[in-house]
Structures are given as structure tokens and as C-alpha cells.
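Structure, as C-alpha cells:
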Amino acid sequence: MSSVRTEKEATTTLDEALKPAKNRDADGEPVVRAIKNMAEDTPAAETIDGFHLVIDALKLNDIDTIFGLPGIPITDLTRMAQAEGLRVISFRHEQHAGNAAAAAGFLTQKPGICLTVSAPGFLNGLTALANATTNCFPMILISGSSEREIVDLQQGDYEEMDQLAIAKPLCKAAFRVLHAQDIGVGIARAIRAALSGRPGGVYLDLPAKLFAQTMDAAAGKASLIKVVDAAPRQIPAPDAVNRALDILKGAKRPLILLGKGAAYAQADADIRALVEKTGIPYLPMSMAKGLLPDTHAQSAAAARSYVLQEADVVLLVGARLNWLLSHGKGKTWAQEKGAKRFIQIDIAPTEIDSNVAIEAPVIGDIGSCVAALLAGIDARWARPPAEWTGAIAERKDKNLSKMAATLAARPSPMNFHSALSVIRDQVKARPDAIVVNEGANTLDFARSIVDMYEPRKRLDVGTWGIMGIGMGFSVAAAVVTGKPVIAIEGDSAFGFSGMEVETICRYNLPVCVIVFNNNGVYRGTDVNASGTSDVAPTVFVKNARYDKLMEAFGGVGVNATTADELQKALAEAVASGRPTLINAVIDETAGTESGRITSLNPSTAKKK
Ligand code: FYN
Ligand code: ADP
């Protein structure tokens, strides 16, 4: 059976399937859908099809939103899911639907669902699935696929591809369901794999034929599984906790490093208590900003280099010693001065010693681990020496006042600092707003300039430093939280997902996109050394009006050439909740190659 025929067959049952009275079983539960054979005078035994088993299995597990893009063979699944009360957010490209699912997973601790068509749609979603896995965000990519018999014999089916095999190395787990009676198990396994242990991405392959399969409705209902305790608490071993406490107690210059795992864990009160009761200075990784307000006296963010070099004991909470932390080695950590001692809280035991020796691993979920450490901190706890906290405060104050002076300037045209100072003030006024941030310079400057005040309010390029998350993350943040979203976008970064402004307008989401327009990647001043008429590879159309894109779909577009114009437009956007795009015109000479990670760029690193 071809996938085209499958969808056609399914469509003949759609009108019937959409009748509300048949959406409930005798108990009024929205669990199974009965489809009757309309060709017969007497109704056949009540049956349920694959479409509805998928929908009901998701609903049974409290999944209320699907991000996706319809097409063969899942078009009817999107329609039926919507008819059954799921929120279906349709995108213009699967990568952004996938990014939305990943962000939703991070924000809610429920796996975000991305639904795509076969082969090309699946591949478009795969980047987001791999990125979610890399970032430890729980999501499930559900893709329709072509017929197994034809794919396996490589006979050239419509959108033929062995999707399961391709997905496997790029996610935590991958499953395929061939029979309607296994849909419940397939979805339960996908949910468990996404949420348990280190969260991540899961692929679920649903061949077209599955959707039209029918089975007895009662048996179908009985086959569904409500997942119990999908992310079980993992209590750390008492000796591991004591080992960590002993090292922490002996520290002269301790530091707590909070990562996005700590933000994901939703153990906000205990994490704050751990920091405040111990009195230890802390450094948030970018997506951990706001776990404690960035203005907190113990934040060492503005003395980053100093604390990384000088700390003698570092407690990592949901942060990996990967490239973002210079692998715990080298100049950044002044390792030549003598070994630093590391304590690491993580749910994944294999993360330990991945880059440097970890003297005290504390394995478990962050909530349980932090609570266990807290239990060992009593009134007799000796706070860190004033010499250490004082030295940090001194460096921090110096950096903060230098930054304050830079932010106060009002150059024309705007530079990154003057534009970001406006956004900083707006976020201070609306600390519940969610900031989405991508780019190179736009990312790096925004990270240190825009203070965050609440947990999980900052979504950015994450572990891979990936461009293209902007509009997908923004849509998810708005849909999942209902809060205003401020997307701070480099002009290059915005280009990866820019078409999704139509999605933002279509669902009338409270998203304000600010494009930092300096006419190119990094900046707009590169020249083509070959003498041909093409512009340099990093240069875009000069003076482009990104605001017109938003206007094209009925949103508000503003061209802001001064900080005052930007401030007014942003305040109006946040107050009104209307989809808005502000084209913030930035000096095209502003911006350095690759922002603050110039050293990773082989040629610029060599020149330095
Ligand atoms: C931080 N700083 C501040 C403040 N906050 N100064 C004043 N005021 C405030 N509020 C200081 C901080 O002490 C550092 O100075 C400096 O600003 C930068 O701090 P940041 O941003 O925290 O850290 P840094 O060194 O830039 O790098 C850390 C990083 C980060 C590697 C974790 O760069 C990062 O997340 N990079 C991701 C980059 C990425 O993915 N790019 C996308 C691809 S772009 P010093 O203490 O003096 O060092 C493709 O080209
Ligand atoms: P950052 O980029 O902010 O440094 P990372 O993504 O590198 O953060 O690290 C997040 C870490 O948090 C991962 O090693 C992951 O295993 C861990 N983690 C995620 N959720 C939990 C949790 N609930 N409990 C314990 N560890 C967690």
C-alpha cells in the first residue's frame, strides 16, 4: 500500500472521526475513538484506528501540544489531534518545529513533541533532535515514514528512507511501531527514554500504514500506558555526599558553577538556599542565569576569569566541563598553579572524569543531591573567607562600573551596548519575560549585559553554539508560558528561522523580535579581495528592512535607528503582546569575528 493511498483511505473516515459525540467512550473519557463502518446498515463492533491511538496515548500522558508541519502521511493526524483538543502549532519548516519541541521540553520537564512527514521532513527535524540531545532537553521527534516492505527492499517508495537507522546515532533512543496494538508501548518507551536519567531526544518512527490500522476499541484503550514516574528521583549515596561536603568545608576559595541542568531540574529554592547558606560565590552558565537574580551579591559573573583561575574547589551543578568551560583545563583555569579540586553533581555517571579528574562525584538528580548537601550545612558552617569574597567583589565592581559607563553612551548609529542597555532595562521591568538569544556578538554582549531575574527565562544557542534556534524557541516559550518573549537576534542568526515570523503572526504570539542589523555576519564591512562584483561572503544586503517581514503577515514592524526609538517600540510590544519585529540599526563596523570565541576560528586565531 502506498502512503498516498493510506492517507486517502484515512480521509474517508475523517468526517466521521471528527464528530464530537464519538470522541468519548461510554464513561465520557477522551481515551479512545470509535469509528463505525458507514457502508453497513448495522454498526460494526467499535474500533479505533492508529491515528487515534497515537493521540490518545499522548493525551493520556498529559501531553497537550504538538509542534509540527503537516504533509503525507501525518496531515490527518494533525487535524485529528486538533479536533481532539491537543494544541497543534504548525510551522513553516520542521527544524523550527523541532527546536520549539526541545525548548518546550526544557521549560516544562515534559517531552516536547515534534511531528514531521517522512524523509525530507524527518531530516529537517533531525538537526533539532540532535541538538536537543546534545543539550539534554527532552523531546520526541515523531515522523511518518514509508512502507517497510518497500524501504527494506529499496524499491523506491515515495520519500523512501530508513529513518530509524539514520536517527539512531543522533538521539538517546529510537523506536518504530508497526502494529496498532503497540502504539501505547511505543509512546510510553519514548516518553521514558526522553525524560529519565539525562534527558534527551528520542525518535519515534510511525510508518504510514500504521495510522489506518484498526483494532477493537476496548482492546486499544487497554493497550495504552500511562507512564508512572517517568523521571524517577535518584538519591545520591550518603558517602558521596559526605565526601563532597568534606572537600567543600576545606575550601579557601570555593566556587559554585550552575549549568542549564540546574535550571532544567526545577530545584530553584534549594539551589538558592545552597548558595545563600554556604555563602559561596557562584557563576551561572548562560542558561542558568536567573536561577538566582543576576544582581545577587554572590554572583561572580562579572569576575568570571578571576574566579575560574583562582578558585580552589569548584562545585559543578548540572554543568559539563566541555568547550564552554575550556574543558576544565589550561589558562582559563590556571591549572598550572596547581590542581583544582572538583565536585560534580550530575545525573549521568559517565559524565564524571570526562575532561579532568572529579574528586567528588555526586550522582543523582539535582533536586535530591542539592537537598542532601543542604542537610549537611548547619549553623556552624564556616562561610568562605572574606579575603576571597572581597577580592571577587572588588573585580566585579570594577567591571560593573566600566560596563555602566559603556552602557550609558548613546552613539549614533547604535552599537551593541547602547541597544542592549535598552533591552536590559525592559527585562528588569518585566522579569517574567523570556529572552531568546542567538548570534555571535549579539549573543556574547547580550549574555553579559542583559541581567536575568528568574529561572528558565533565558534560552540560547546552548552546547553547540547553534544558529537557527531563534524563532522556534520563541514560539515554544510563548505557547508554553504565555509570557512575553524578547528575541535578541543577530541579523545572520535571524535568517535561519526568519520565515517563522508568519507562524508568530498566525498564532498571534506575544513575541518581539529585535534584529541587530549590522549588514552582515559578525559585521558588514568585509571586502571581496578577488575584485569580482560579488560582495564578501559575510556581507548581506545593506540597510535591509527586516521589520517589513513582520508587517507582511500583519504584525508590527519598526525601524529603530536610535536607542529611544528602540526603547519605545520594545515597551509597546511587551505591553501590547502583539507580534513585533524591530529592525535595530547597528553600526556596521561594530562586531568582532566570531564574537568572544574568536580563538576557535582557525585563521583569526592564528593572526592573533
Ligand atoms: C560578565 N561580565 C561582565 C558582566 N557579566 N562585566 C560587567 N558586567 C556584567 N554584568 C564580564 C565577565 O567577567 C567576563 O570578563 C566578560 O564579561 C565575558 O563574560 P561571559 O560572557 O560570561 O564569558 P565569556 O568569557 O565570554 O565566555 C564564556 C563562554 C561564553 C564560553 C561560556 O563565551 C559562551 O557561552 N559562548 C558561547 C558562544 C557561542 O556559542 N557562540 C555562537 C557561535 S558564534 P572577564 O572576567 O574579564 O573574562 C559563531 O561565530
Ligand atoms: P551548561 O551548558 O549550562 O554548562 P550542560 O548542558 O553542559 O550545561 O550540562 C547539563 C548537565 O546537567 C548534563 O551533564 C546533564 O546530565 C545534567 N542534568 C540534566 N538534568 C539533570 C537533573 N535533573 N539532575 C541532575 N543532572 C542533570
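Could you please find all residues in the range 120-148 being among the hydroxyl-bearing types (Ser, Thr, Tyr) and within 16 Å of ligand 2 (Cβ to nearest atom)?
Thr133, Thr134
I need the full set of residues from the range 419-470 which are more than 15 Å from ligand 2 (Cβ to nearest atom), part of a loop (DSSP other than H, G, I, E, B), open to solvent by 20 Å² or more (accessible area, probe 1.4 Å) and more than 18 Å from Arg304 (Cβ to Cβ), in order please.
Arg430, Pro431, Asp432, Ala440, Tyr453, Glu454, Met467
Return the pairs, sorted by first residue and then second, in which the second residue is at pLDDT below 80 and more than 8 Å from ligand 1 (Cβ to nearest atom), the first residue lies in the range 594-606 and is assigned to a helix (DSSP H, G or I), the beta carbons are less than 7 Å apart, and the residues are 6+ apart or on different chains.
Every condition considered, the pairs that remain are Thr598/Thr604; Thr598/Ala605; Ser599/Ala605.
Considering (1) surrounded by fewer than 17 Cβ atoms within 10 Å (Cβ to Cβ); (2) among the charged types (D, E, K, R); (3) in a helix (DSSP H, G or I); (4) away from ligand 2 (no atom under 16 Å from the Cβ), say which one Glu565 fails and leave the rest.
Unmet for Glu565, out of (1) surrounded by fewer than 17 Cβ atoms within 10 Å (Cβ to Cβ); (2) among the charged types (D, E, K, R); (3) in a helix (DSSP H, G or I); (4) away from ligand 2 (no atom under 16 Å from the Cβ): (1).
Of these, Gly554, Gly531, which one is open to solvent by 10 Å² or more (accessible area, probe 1.4 Å), without any contact (Cβ under 8 Å) to a residue 60 or more places away in the chain and closer than 23 Å to Arg87 by Cα? So that I can check it myself, show each step before the final result.
Numbers: Gly531 fails: closer than 23 Å to Arg87 by Cα.
The conditions single out Gly554.
Which of the residues that make up the range 64-92 are within 19 Å of the chain's Cα centre (by Cα) and buried (at least 20 other Cβ atoms within 10 Å of the Cβ)?
Across the range 64-92, the qualifying residues are Thr65, Ile66, Phe67, Gly68, Leu69, Ile89, Phe91.
Among the residues of the range 312-349, how many are in a loop (DSSP other than H, G, I, E, B) and within 16 Å of ligand 2 (Cβ to nearest atom)? Even if it seems obvious, please write down each step before you answer.
Initially, the range 312-349 is screened for residues in a loop (DSSP other than H, G, I, E, B), giving 312, 318-322, 329, 334, 338-340, 347-348.
Subsequent filtering for residues that are within 16 Å of ligand 2 (Cβ to nearest atom) retains 318-322, 329, 347-348.
Residues in the range 312-349 being in a loop (DSSP other than H, G, I, E, B) and within 16 Å of ligand 2 (Cβ to nearest atom): 8 in total.
Any idea which of Val513, Val480 is outside the structural domain of Ala319 (by TED's automatic domain parsing), among the hydrophobic types (A, V, I, L, M, F, W, C) and either touching a helix residue (DSSP H, G or I) at 6+ places or on another chain (Cβ under 6 Å) or in a loop (DSSP other than H, G, I, E, B) (or both)?
Details: Val513 fails: either touching a helix residue (DSSP H, G or I) at 6+ places or on another chain (Cβ under 6 Å) or in a loop (DSSP other than H, G, I, E, B) (or both).
After applying the criteria, what remains is Val480.
Can you pull out the residues in the range 346-361 that are closer than 17 Å to Pro232 by Cβ and buried (at least 20 other Cβ atoms within 10 Å of the Cβ)?
The initial filter retains those residues of the range 346-361 that are closer than 17 Å to Pro232 by Cβ, namely 346-349.
Asp346, Ile347 - these are the residues of the range 346-361 that are closer than 17 Å to Pro232 by Cβ and buried (at least 20 other Cβ atoms within 10 Å of the Cβ).
So, restricting to strands (runs of 3 or more DSSP E) that lie completely within the range 135-220, which ones have at least 2 residues that are open to solvent by 50 Å² or more (accessible area, probe 1.4 Å) and in contact with a strand residue (DSSP E or B) (Cβ under 9 Å, 6 or more places away or on another chain)? Lay out the reasoning, then the answer.
Working: elements: 139-145, 173-176, 201-207, 214-216.
Because the criterion is at least 2 residues that are open to solvent by 50 Å² or more (accessible area, probe 1.4 Å) and in contact with a strand residue (DSSP E or B) (Cβ under 9 Å, 6 or more places away or on another chain), the strands (runs of 3 or more DSSP E) in the range 135-220 that meet it are 214-216.
Give all pairs with beta carbons closer than 7 Å in which a residue from the range 116-140 that is closer than 20 Å to Leu206 by Cβ and free of Cβ contacts under 8 Å to residues at least 60 places away in the same chain meets a residue that is open to solvent by less than 10 Å² (accessible area, probe 1.4 Å) and among the β-branched types (Val, Ile, Thr); count only pairs at least 6 apart in sequence or on separate chains.
Val117/Ile74; Phe122/Thr116; Asn124/Thr116; Gly125/Thr116
Being at positive phi and out of contact with any Ser or Thr (no Cβ under 6 Å at 6 or more places or on another chain) narrows it down to one of Gln266, Gln213, Gln234, so name that one. Don't jump to the end; show me each part of the working.
Numbers: Gln213 fails: at positive phi; Gln234 fails: at positive phi.
Exactly one residue qualifies, and that residue is Gln266.
Every residue in the range 472-497 that is under 18 Å from the mean Cα position of the chain (by Cα) and open to solvent by 10 Å² or more (accessible area, probe 1.4 Å), please.
Passing the criteria: Val479, Val480, Thr481, Gly482, Lys483, Pro484, Phe496.
Restricting the range 362-395 to residues that are in a loop (DSSP other than H, G, I, E, B) and closer than 18 Å to Gln298 by Cα, which is most open to solvent (accessible area, probe 1.4 Å)? Step through it out loud before you land on a result.
First, pick out the residues of the range 362-395 that are in a loop (DSSP other than H, G, I, E, B): 364-365, 376-385.
Imposing the further condition that a residue be closer than 18 Å to Gln298 by Cα reduces the set to 377, 381-385.
Numbers: Ile377: 15, Trp381: 31, Ala382: 80, Arg383: 134, Pro384: 20, Pro385: 53 Å².
If we take residues in the range 362-395 being in a loop (DSSP other than H, G, I, E, B) and closer than 18 Å to Gln298 by Cα, then Arg383 is most open to solvent (accessible area, probe 1.4 Å).
So, Arg410, is that one closer than 30 Å to Thr133 by Cα, away from ligand 2 (no atom under 13 Å from the Cβ) and either not hydrophobic (A, V, I, L, M, F, W, C) or not assigned by TED's automatic domain parsing to the domain that holds Ser326 (or both) or not? Outline the logic, then answer.
On the way: closer than 30 Å to Thr133 by Cα: no; away from ligand 2 (no atom under 13 Å from the Cβ): yes; either not hydrophobic (A, V, I, L, M, F, W, C) or not assigned by TED's automatic domain parsing to the domain that holds Ser326 (or both): yes.
Taking the combined requirement at face value, the residue does not satisfy it.
Could you say whether any residue in the range 253-262 is away from ligand 2 (no atom under 16 Å from the Cβ) and assigned to a helix (DSSP H, G or I)?
Keep residues of the range 253-262 that are away from ligand 2 (no atom under 16 Å from the Cβ), which gives 253-254.
If we keep only those that are assigned to a helix (DSSP H, G or I) too, we end up with none.
Within the range 253-262 (the criterion being away from ligand 2 (no atom under 16 Å from the Cβ) and assigned to a helix (DSSP H, G or I)), the answer is no, since none of the residues qualifies.
Is there a residue in the range 292-304 that is open to solvent by 40 Å² or more (accessible area, probe 1.4 Å), in contact with a strand residue (DSSP E or B) (Cβ under 8 Å, 6 or more places away or on another chain) and within 16 Å of ligand 2 (Cβ to nearest atom)?
First pass over the range 292-304, keeping only residues open to solvent by 40 Å² or more (accessible area, probe 1.4 Å): 295, 297, 301, 304.
Keeping just the survivors that are in contact with a strand residue (DSSP E or B) (Cβ under 8 Å, 6 or more places away or on another chain) gives 301, 304.
Retained after the next criterion (residues that are within 16 Å of ligand 2 (Cβ to nearest atom)): 301, 304.
Yes, the range 292-304 contains a residue that is open to solvent by 40 Å² or more (accessible area, probe 1.4 Å), in contact with a strand residue (DSSP E or B) (Cβ under 8 Å, 6 or more places away or on another chain) and within 16 Å of ligand 2 (Cβ to nearest atom).
The values are calculated or read from the model by the stated rules, or taken from the named source; none is laboratory data. Just so you know, these numbers come straight off a predicted model, no measurement behind them. Backbone-built Cβ (ideal geometry, glycine too); neighbour counts: all protein chains shown. These area figures cover heavy atoms from the full protein model, side chains too; ligands, DNA and RNA do not enter into them. Shrake-Rupley method; radii C 1.70, N 1.55, O 1.52, S 1.80 Å.
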